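Read the structure below first, then the notes.
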Amino acid sequence: MSNNLEISRKKIRELDRKILILINERLNVAERIGDTKKKSNLSPINLKVEKSVLDNSLQISKTIGLSEEFSKKIINILISQSLKVQGITSEGRSKYLYGVFEKAKEMTSKGEKLIRLEIGEPNFLCPPSVKEAARKALTTNEKIGYVSAAGTKELREAVANKVNQTHKLEISPNQILITPGGKFGVFAGILTTVSEVNRLLLIEPYWPVYEECAILARTRIDRIHTVLDNSWKIDLEKIKEAFNAGTKLLILCNPSNPTGNIIPEDELKSIVELANDNNVTILADEVYDVYAFKPFKSILETSCNDFIYIQSFSKRYGMTGWRVGYAISSPTTIKKMQKMMQISATCVPEFVQKAAIKALETDDATLTKFSKTMKKRVEIASKELDDSPLSYKKPDGGMYIFPRVNIEKFNSQDFALKLLAEQKVAVSPGQAFGDYTRYFRISLGGSEEDIKEGIHRIVKMIEKWQDG
């Protein structure tokens with residue numbers, strides 16, 4: 001018996017050797033294909049070809065009786081490795097975003113007075129009742145201890161009630177996870193949905209945190225590029241093409257960070273239908289919905305079969321530093337995300353959750369005031385930009401504007417650093433959000449005076465740049 005076992009083990013080692021030799025041969029061929037593409041000036045990524053490779057492999061797996069799911073995983077890994085040998089890798093873009101932010105913080109700490117148009121933080125104050133609820137929770141409890149990683153029952157019930165009233169739904173508390181801000185919801189949603197055998201789809205321009213999370217998950221990242229000249233419209237045919245190639249997770253930021261674009265209802269409906277037909281999960285980051293200046297349709301109000309909804313108290317209630325938000329999904333997905341909480345952040349502090357409950361009781365007048373203030377800032381910034389050499393689309397919502405500089409070979413990273421050094425104005429370089437070297441993001445989180453003066457200095461710097 002032991003002799004037969006050793007013979008079988010020897011056979012496996014020989015098969016492993018042959019498999020690795022074939023993989024190496026495949027990668028060598030892929031490298032030659034990459035060289036040919038470069039010489040012919042062809043796009044390095046061809047989703048239709050990848051789809052045909054996948055279809056061919058699945059057909060073979062059917063013929064030989066191999067699991068289709070297993071075959072798909074193996075082929076996706078091989079395709080990813082082929083792209084790597086061709087020099088195609090995903091480099092995180094957050095360094096562009098946080099590089100300027102950290103430099104601005106350092107200058108401020110040294111006493112320099114800056115106009116901060118790079119930070120995504122509105123200067124709205126949370127209601128006094130929220131602070132009082134936190135104070136009461138801290139002073140009346142003898143011990144500040146752990147609570148459930150899912151969030152307290154009281155806060156999850158309060159969130160469910162609020163969401164159900166707003167969207168006319170029947171969400172239950174076991175579909176809700178309380179998170180340390182919206183960012184953790186994004187992180188947990190991505191890492192529990194995709195891995196190196198899956199594919200994630202981003203719509204450019206995008207918040208770089210999505211990409212960084214995807215890189216941590218070691219998943220394949222596909223991108224759909226949108227352009228200002230087409231009003232940042234998403235090409236549905238390109239979404240269909242990406243879904244056909246095997247997308248597992250699509251991320252939609254609506255309203256968009258950084259463009260402020262709102263996805264029209266009919267377009268969102270088409271995207272949802274495509275996702276349902278292809279078993280694609282949609283992670284819907286809707287933290288800026290409170291600043292929607294045009295009709296807005298939430299993913300919660302669609303027929304989406306599989307979604308992860310991300311929301312935060314930061315922008316809605318002026319609670320950026322409190323670090324509290326929530327995710328809504330199926331009970332199964334929420335359980336997976338809860339495990340991420342258990343092994344990392346543990347829980348959102350109970351006194352913060354008490355404050356969040358009080359925030360949910362905020363009257364609509366306060367929220368409307370925040371939205372009206374942000375809309376006024378958009379109007380002020382737009383008026384200033386209309387008289388400038390910059391091109392832009394007026395935002396439908398959110399708290400950002402993403403203008404383009406009409407200078408060839410303009411590099412927004414270099415511009416942002418020089419603007420900070422010479423004009424004491426901080427903006428976020430366009431490279432942080434995708435292939436947008438001639439763009440930069442202006443945050444409207446500060447005062448009207450800072451927005452006006454900041455844009456004046458930006459225009460002054462651009463005119464100097466043109467002359468230079």
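Quick note: the coordinates plus some simple rules give every number you see, no bench work behind them. These numbers were taken from a predicted model, which means no experiment stands behind them. FYI the Cβ positions are ideal-geometry reconstructions off the backbone, even for glycines, and counts take in every protein chain you see.
Here are the numbers for the structure shown:
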{"read-out": "Percent antiparallel among DSSP beta bridges (both partners in the chain, rounded to 5)", "value": "45 percent"}
{"read-out": "3J(HN,Hα) from dihedral phi, the range 268-279, Karplus parametrisation 6.51/-1.76/1.60, rounded to Hz, x for glycine, proline", "value": "4, 4, 5, 5, 4, 4, 5, 5, 4, 5, 10, 6"}
{"read-out": "15 Å cut-off, amide nitrogen to a point 7 angstrom out along residue 335 Cα→Cβ, residues in the range 168-202", "value": "174-177"}
{"read-out": "Under 5 Å, built H, 5+ apart or other chain: amide partners of residue 221", "value": "200"}
{"read-out": "Value at 222 nm in deg cm²/dmol, rounded to 500, when DSSP H runs of n ≥ 4 in the chain each add -39,500 (n - 2.57)", "value": "-17000 deg cm²/dmol"}
{"read-out": "Alpha-carbon centroids, the range 334-374 and the range 118-146: separation in whole Å", "value": "11 Å"}
{"read-out": "Proxy reagent accessibility, fewest Cβ within 10 Å first, across 326, 436", "value": "436, 326"}
{"read-out": "Taking 223, 135, 9, 156 and counting other C-beta atoms within 10 Å, the order from fewest to most", "value": "9, 135, 223, 156"}
{"read-out": "Label-point separation in nm, residue 164 to residue 408, each point 7 Å along Cα→Cβ", "value": "6.2 nm"}
{"read-out": "Set of aspartates and glutamates with alpha-carbon distance to residue 354 below 12 Å, sequence-local pairs under 8 removed", "value": "132, 154"}
{"read-out": "Exposure proxy ranking, count of Cβ atoms within 10 Å, fewest first, for 232, 465", "value": "465, 232"}
{"read-out": "Length released on extending from residue 270 to residue 16, taking residue separation times 0.36 nm less the Cα-Cα span", "value": "86.9 nm"}
{"read-out": "Subset of 383/452; 294/369; 51/248; 95/376; 37/233 violating a 19 Å alpha-carbon distance limit", "value": "95/376; 37/233"}
{"read-out": "Lys/Arg +1, Asp/Glu -1 at C-beta; the chain dipole; positive extreme among 327, 151, 465", "value": "151"}
{"read-out": "Volume per residue that the Cα convex hull of the chain spans, once the total is divided by residue count, Å³", "value": "197 Å³"}
{"read-out": "With Cα atoms, 0 to 90° folded angle of helix 68-85 axis to the chain main axis", "value": "70 degrees"}
{"read-out": "Signed unit charges on C-beta, dipole axis of the chain, positive-most listed residue 284, 442, 175", "value": "175"}
{"read-out": "From phi via Karplus (6.51, -1.76, 1.60), per-residue ³J(HN,Hα) for the range 452-461 in Hz, x at Gly/Pro", "value": "4, 5, x, 5, 4, 5, 4, 4, 4, 5"}
{"read-out": "Rounded, prolate or oblate (a/c below 1.5 giving rounded, otherwise prolate when a/b exceeds b/c) for the range 258-297 by Cα gyration tensor", "value": "prolate"}
{"read-out": "In Hz, Karplus ³J(HN,Hα) per residue of the range 378-384 (6.51, -1.76, 1.60; θ = phi - 60°; x = Gly, Pro)", "value": "4, 4, 5, 5, 5, 4, 5"}
{"read-out": "Charge dipole magnitude, Cβ of K and R +1, D and E -1 - the range 146-361, Cα centre, debye nearest 20", "value": "700 debye"}
